[in-house]
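Novice: Got a structure here, written out as structure tokens. Questions coming.
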Protein chains: 2
Amino acid sequence: MKVKLAKNYGFCFGVRRAIKLAESKPNGITLGPLIHNAKEIERLKENFNVVVNENIQEIPKDSEVIIRTHGIPKQDLELLKQKTKNITDATCPFVTKPQEICEKMSAEGYQIIIFGDEKHPEVKGVMSYCKNTPLVIEDLMALKNSKIQEKVALISQTTKNIESFLQIVDFLVRNCAECRVFNTICNATFDNQESARNLAKEVDIMIIVGGKNSSNTKQLYNISKEYCKDCYLIEDYLELRKSWFDGKKLCGVSAGASTPNWIIDKVVQDIEKL
Amino acid sequence: MKVKLAKNYGFCFGVRRAIKLAESKPNGITLGPLIHNAKEIERLKENFNVVVNENIQEIPKDSEVIIRTHGIPKQDLELLKQKTKNITDATCPFVTKPQEICEKMSAEGYQIIIFGDEKHPEVKGVMSYCKNTPLVIEDLMALKNSKIQEKVALISQTTKNIESFLQIVDFLVRNCAECRVFNTICNATFDNQESARNLAKEVDIMIIVGGKNSSNTKQLYNISKEYCKDCYLIEDYLELRKSWFDGKKLCGVSAGASTPNWIIDKVVQDIEKL
């Protein structure tokens, strides 16, 4: 089977930075998974004894703690600071930005609208910086059913789809006097999405490699699926099924921003052998 | 010929207000035409001796001066104030708003982008309130050829088409970190456009009544033309041609925001007689 990789795929700046920081703090604890990729988390544990703990209460006093790429809620950061001074902030700078925007815009009296998944840790963190209750919407429909004020500030979860974000902008501009739009979708997300879209158009089958709890990986899957109906999301080579490739000639591969190269390489090698 | 009027058409709040103000100042001078409708300007002259003068230099000291609905440049207002204290401001409040936004946003360091026609008096007035040079664009193409900064504030000439405005928003959101969108398209414009669009879909011929130098009238014509190929823009009943109506059953009529009812009524009566 012939394999073609997307022009842009895999590790983004924020993930690369977070892993480097975690590797520099052996025996550290990350508050929740550092990135959304179970295999890479396992590797950090095996090679550096960097472990995950979801619960602040359980973290021993004065531990070495690493804040995950997705950021954490403001309140949790305050609790954490009471426990330890040894905090390494691996929050992606592209996530710190919407946190700051929320804080500033809510203080200025704007209704904050966040395009994102309110259960996602990044969004939970960003929400915590609002001085009033933000409106979190997963899609245009949710927005249409919500009460919108005259002056709104809109931000996006960094890993969302630009096309859907623009539909939301469109609706808000029609219905508000002032809509302050902060395009907080990160460039890596945007580039990976564009590349996946283009690749999906020309191949017979698309394989997306990444964590199943990873927002940006799911976006890549959804976008590719629009253009290539035979599209599969896998975490590693073990999930590949020979039958998927029957009668196919060209296989496209892309990967989420938290998928390390060693996982992608193994997937590509295995497909090429088919 | 059967005639159907658009649900919303003709005089808007700002024009109605301006005419009332002008009627209350007999013998007054308007700096440029009060509204973009030559027939109504004629009526104001005949009935109230309200005359038009385009040139500030020619206006006698201490005259009664009325500022047109479209507003005037800030510098002209200052010159005028040196000549007379008797100034009646008939600037539409929906035009005063973008003037204020430009002043504020340019002071805050935003690049000002105005969607509009830089030769139109409203836009000339709005531009004059910017502390830096604004970018005035007539369409998306002009924007694509321009240099765009990281932080922009976008406003629209009050009479522009919302669909084109949204295309511009779309492009800016993709290309700027922050895009502050002020939907300054006035409601009357929006309602008249929506109504014309709906009516054009169901009739055999559309007649748009209004001044040929009127921006909002031209928009109505362009929108209607998209849905009804037999579409004509006329200033009054004298321009109607019998041949246009051959084989047609239902005629739609709409009119610009500066078109008085007495002109529209005459047009409707004449078409009905055909």
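The values are calculated or read from the model by the stated rules, or taken from the named source; none is laboratory data. This structure is a prediction, so every number in the text was calculated from the model and none was measured. Note that each Cβ is placed from the backbone with ideal geometry, even for glycine, and that neighbours are counted across all protein chains shown.
So that you can scan it fast, the table gives a plain yes or no per residue for (1) of a type in the set (Ser, Thr, Tyr); (2) more than 26 Å from residue A:112 (Cα to Cα); (3) within 14 Å of chain B (Cβ to nearest Cβ):
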{"site": "A:180", "(1), (2), (3)": "no, no, yes"}
{"site": "A:184", "(1), (2), (3)": "yes, no, yes"}
{"site": "A:212", "(1), (2), (3)": "no, yes, no"}
{"site": "A:220", "(1), (2), (3)": "no, yes, no"}
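Novice: A follow-up question, please. If you check every pair at least six apart or on different chains, which have Cβ atoms under 7 Å apart with a residue in region A:155-176 that is at the interface with chain B (Cβ under 7 Å from one of its Cβ atoms) first and a residue that is of a type in the set (A, V, I, L, M, F, W, C) and in a helix (DSSP H, G or I) second?
Specialist: Going by the 7 Å Cβ cut-off, the qualifying pairs are A:162/A:190; A:166/B:173; A:169/B:169; A:169/B:173; A:170/B:166; A:173/B:166; A:173/B:169; A:174/B:162.
Novice: Consider residue A:43 carefully, then state whether it is basic (Lys, Arg), within 15 Å of the chain's Cα centre (by Cα), within 20 Å of residue A:265 (Cα to Cα) and surrounded by fewer than 22 Cβ atoms within 10 Å (Cβ to Cβ).
Specialist: Considered against the rule, which asks whether it is basic (Lys, Arg), within 15 Å of the chain's Cα centre (by Cα), within 20 Å of residue A:265 (Cα to Cα) and surrounded by fewer than 22 Cβ atoms within 10 Å (Cβ to Cβ), residue A:43 comes out as no.
Novice: Do we find that residue B:138 is free of Cβ contacts under 8 Å to residues at least 12 places away in the same chain, charged (D, E, K, R) and more than 9 Å from chain A (Cβ to nearest Cβ) in this structure?
Specialist: Working: free of Cβ contacts under 8 Å to residues at least 12 places away in the same chain: no; charged (D, E, K, R): yes; more than 9 Å from chain A (Cβ to nearest Cβ): yes.
Judged against the criteria, residue B:138 is not a match.
Novice: Can you tell me which residue in region B:233-246 is nearest to the chain's Cα centre (by Cα), limited to those that are touching a residue at least 12 places away in the same chain (Cβ under 8 Å) and not in a strand (DSSP E or B)? Let's see the steps before the verdict.
Specialist: Applying the first criterion (touching a residue at least 12 places away in the same chain (Cβ under 8 Å)) to region B:233-246 yields B:233-237, B:240, B:242, B:244-245.
Checking the rest, the ones that are also not in a strand (DSSP E or B) come to B:235-237, B:240, B:242, B:244-245.
Values: B:235: 15, B:236: 18, B:237: 22, B:240: 23, B:242: 29, B:244: 27, B:245: 29 Å.
Within region B:233-246, the match that is nearest to the chain's Cα centre (by Cα) is B:235.
Novice: Please work out if residue B:101 is closer than 30 Å to residue B:223 by Cα, β-branched (Val, Ile, Thr) and within 14 Å of another protein chain (Cβ to nearest Cβ). I'd like the intermediate steps shown before the answer.
Specialist: Details: closer than 30 Å to residue B:223 by Cα: yes; β-branched (Val, Ile, Thr): yes; within 14 Å of another protein chain (Cβ to nearest Cβ): yes.
Answer is yes for this residue.
Novice: Restricting region A:192-208 to residues that are over 18 Å from residue B:171 (Cβ atoms) and of a type in the set (D, E, K, R), which is surrounded by the fewest Cβ atoms within 10 Å (Cβ to Cβ)?
Specialist: So the first thing to find is which residues in region A:192-208 are over 18 Å from residue B:171 (Cβ atoms), and the list is A:192, A:195-208.
Filter once more, so that each one left must be of a type in the set (D, E, K, R): A:197, A:201-202, A:204.
Numbers: A:197: 19, A:201: 13, A:202: 11, A:204: 16.
Top of the filtered list is A:202.
Novice: Give the residues of region B:130-181 that are surrounded by fewer than 22 Cβ atoms within 10 Å (Cβ to Cβ), of a type in the set (Ser, Thr, Tyr) and within 30 Å of residue B:79 (Cβ to Cβ), sorted by residue number.
Specialist: Selection gives B:133 alone.
Novice: Oh, and also: Of everything in region B:186-209 that's part of a loop (DSSP other than H, G, I, E, B) and modelled with pLDDT of 95 or more, which residue is nearest to the other protein chains (Cβ to nearest Cβ)? Give the derivation first.
Specialist: Applying the first criterion (part of a loop (DSSP other than H, G, I, E, B)) to region B:186-209 yields B:186, B:203-204.
If we keep only those that are modelled with pLDDT of 95 or more too, we end up with B:203-204.
On the way: B:203: 26, B:204: 30 Å.
Filtering region B:186-209 for residues that are part of a loop (DSSP other than H, G, I, E, B) and modelled with pLDDT of 95 or more, the one nearest to the other protein chains (Cβ to nearest Cβ) comes out as B:203.
Novice: Moving on. If I ask for residues that are under 21 Å from the mean Cα position of the chain (by Cα) and either hydroxyl-bearing (Ser, Thr, Tyr) or on the phi > 0 side of the Ramachandran plot (or both), which ones from region A:247-269 would you list?
Specialist: Across region A:247-269, the qualifying residues are A:254, A:258, A:259.
Novice: May I pose another question? Which one of these does residue B:128 not meet: (1) among the polar types (S, T, N, Q); (2) out of contact with any Lys or Arg (no Cβ under 6 Å at 6 or more places or on another chain); (3) in contact (Cβ under 8 Å) with a residue 40 or more places away in the chain?
Specialist: Only one criterion is unmet by residue B:128, namely (2).
Novice: Answer with yes or no whether residue B:81 is crowded, with 17+ Cβ neighbours inside 10 Å and basic (Lys, Arg). Even if it seems obvious, please write down each step before you answer.
Specialist: Numbers: crowded, with 17+ Cβ neighbours inside 10 Å: no; basic (Lys, Arg): yes.
For residue B:81, the condition - crowded, with 17+ Cβ neighbours inside 10 Å and basic (Lys, Arg) - is not met.
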